[in-house]
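No value in this document is a laboratory result; all are computed from the given coordinates. Quantities reported herein were computed from a predicted structural model and do not represent experimental measurements. We place every Cβ from the backbone using ideal geometry, glycine too, and count neighbours over all the protein chains shown.
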Amino acid sequence: MGQKINPLGFRLGTTQGHHSLWFAQPKNYSEDLQEDKKIRNCIKNYVQKNMKISSSVDGIAWIEIQKRIDLIQIIIYMGFPKLLIEPRKIEELHVKKELNSIKRKLNIVITRITNPYGHPNILAEFIAGQLKNRVSFRKAMKKAIELTEQAGTKGIQIKIAGRIDGKEIARVEWIREGRVPLQTIRAKIDYCSYTVGTIYGVLGIKIWIFVDED
């Protein structure tokens, strides 16, 4: 039987790094982990509400959190930072409420990424938006593949599961373009799983993007 594993965890230490960089005592570890989750959710909610154009894509590729004794550094990697209204206000927002220690300073940096559609999170948000607008899933998948090809990736695999097109029986549909070597550890593969709520129920989207080989 095939054993499924998260491609990012499988490649930690080779082509993939951690998105949270800090050390904690075993008794405080769970608190710090929950704090990270709250910070990420808070930033995503703020960005969704404060985009100049109301779209389903908020453009956050990933959020990196670095914690020191007196400072929390948050780096937001965004595809479309220009669409954000008043990005400086993120610091004053509710992020400070989510912190366990009030004494620590907060520093938030927004970094623009080139080729936003080469990142699975942004691509998954794009597909989710299309599915919510009742666009055919095949059309949405093909459009997503076109966008990734323009970003210069070597291969992509997209899988959508659930009540696709409102059918009674849930099923899984997938499409692959180019190479996606999941078994090769030195192959840099970006992965994301995303859930989207439609009027028929919840659909799951999984995307694997083969970026490069070391």
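If R0 is taken as 41 Å, the Cβ-Cβ distance between residue 114 and residue 199 corresponds to a FRET efficiency of 0.70. Looking at the chain alone, DSSP beta bridges between its own residues are antiparallel in about 75 percent of cases. Of the residues 141, 200, 77, the one whose Cα sits farthest toward the positive end of the charge dipole of the chain, with +1 on the Cβ of Lys and Arg and -1 on the Cβ of Asp and Glu, is 200.
When Rg/Rh (Cα atoms, Kirkwood Rh) is computed from the coordinates, the matching label among [x] 0.98; [y] 1.07; [z] 0.96 is [x].
Distance check, please: which entries in 38/159; 4/105; 37/167; 67/159; 27/49 exceed 31 angstrom between their Cα atoms? Over 31 Å Cα-Cα: 4/105; 37/167; 67/159; 27/49. From its DSSP helices (H runs of at least four residues, each -39,500 (n - 2.57)), the chain gives a residue-normalised ellipticity at 222 nm of -8000 deg cm²/dmol.
Pick from 156, 169, 75: which is most flexible by mean-square fluctuation in a GNM of the chain where alpha carbon atoms under 10 Å apart are linked? Maximum among the listed residues: 169.
Taken about its Cα centre, the chain carries a charge dipole of about 320 debye when Lys and Arg each add +1 at the Cβ and Asp and Glu each add -1 at the Cβ. Between residue 173 and residue 133, the simple label model (points 7 Å from Cα in the Cβ direction) yields a spacing of 1.7 nm.
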